[in-house]
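The values are calculated or read from the model by the stated rules, or taken from the named source; none is laboratory data. Computed from a prediction, not measured in an experiment: that's the story for all the values here. Every residue, glycine as well, gets a Cβ built from its backbone with ideal geometry; the counts of neighbours run over all protein chains shown. For accessibility, only protein heavy atoms count, side chains too; no ligands or nucleic acids. Shrake-Rupley method; radii C 1.70, N 1.55, O 1.52, S 1.80 Å.
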Amino acid sequence: MNIFVGNLSFSSAENDVRVLFEIYGAVASVRIKKKSGKNSRGFGFVSMPDDIQAQAAVAGLEGKEFMGRPLNVSIERPKPVKPKKDYKEIKRLKLEAKTKTPVVYDAPTIPEKEVIKPRRKFREEAKKFSEPAGPQAWEKRKGRGTAKPWKKKPGGVNKKFKYAR
């Protein structure tokens, strides 16, 4: 049976953990997980062949202080198995979905809503009739910081430029 041992001291070695667990019975193997270098990650796994001895070790060592740190000892939980993706099958299903015509069931008819024209069109249409038909002039506004420095005036010459257009 595999046993998870957490909160190990970073300086603890596999032999130290083996001696600790041999009090409760035979130890098949001890594995302390390490980082990419030789530093310990602070947890490991102990495997014991006898389940009764393993249960006794878990009960006896849970919360016991070892090398200055209280141990977290529990039976190892199995990792969830992730199913592998079959990429060929996924590709086949996507192609099949594209080529097949979808089945359309009879759905209740919904009355169409009246199309609402945007307000901008109404303003533009109203503007066409309100503007004078003559040429338009631009006149510079007086003052500082005005939002629109140029304003339209009906009739006259374009004052923005030197020559009229």
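Among the residues of region 72-88 satisfying the criterion of being of a type in the set (D, E, K, R) and closer than 30 Å to residue 56 by Cα, which is surrounded by the most Cβ atoms within 10 Å (Cβ to Cβ)?
76
Based on this model, can you work out whether residue 119 counts as open to solvent by 80 Å² or more (accessible area, probe 1.4 Å), out of contact with any helix residue (DSSP H, G or I) (no Cβ under 8 Å at 6 or more places or on another chain), modelled with pLDDT of 85 or more and not β-branched (Val, Ile, Thr)?
No: the conditions fail for residue 119.
Taking only pairs six or more apart or across chains, which ones have beta-carbon atoms under 8 Å, a first residue in region 1-19 that is touching a residue at least 24 places away in the same chain (Cβ under 8 Å), and a second residue that is of a type in the set (Lys, Arg) and assigned to a loop (DSSP other than H, G, I, E, B)?
Once the first residue is touching a residue at least 24 places away in the same chain (Cβ under 8 Å) and sits in region 1-19, its partners that are of a type in the set (Lys, Arg) and assigned to a loop (DSSP other than H, G, I, E, B) give 4/77.
Filter region 15-27 for residues that are surrounded by 13 or more Cβ atoms within 10 Å (Cβ to Cβ) and touching a strand residue (DSSP E or B) at 6+ places or on another chain (Cβ under 9 Å); which is farthest from residue 52 (Cα to Cα)?
Out of the qualifying residues, it is 16.
Can you name the number of the only condition in (1) farther than 19 Å from residue 59 by Cβ; (2) open to solvent by less than 60 Å² (accessible area, probe 1.4 Å) that residue 8 fails?
Unmet condition: (1).
So, in region 32-53, of the ones that are touching a strand residue (DSSP E or B) at 6+ places or on another chain (Cβ under 6 Å) and of a type in the set (A, V, I, L, M), which residue ends up surrounded by the most Cβ atoms within 10 Å (Cβ to Cβ)?
Result: 46.
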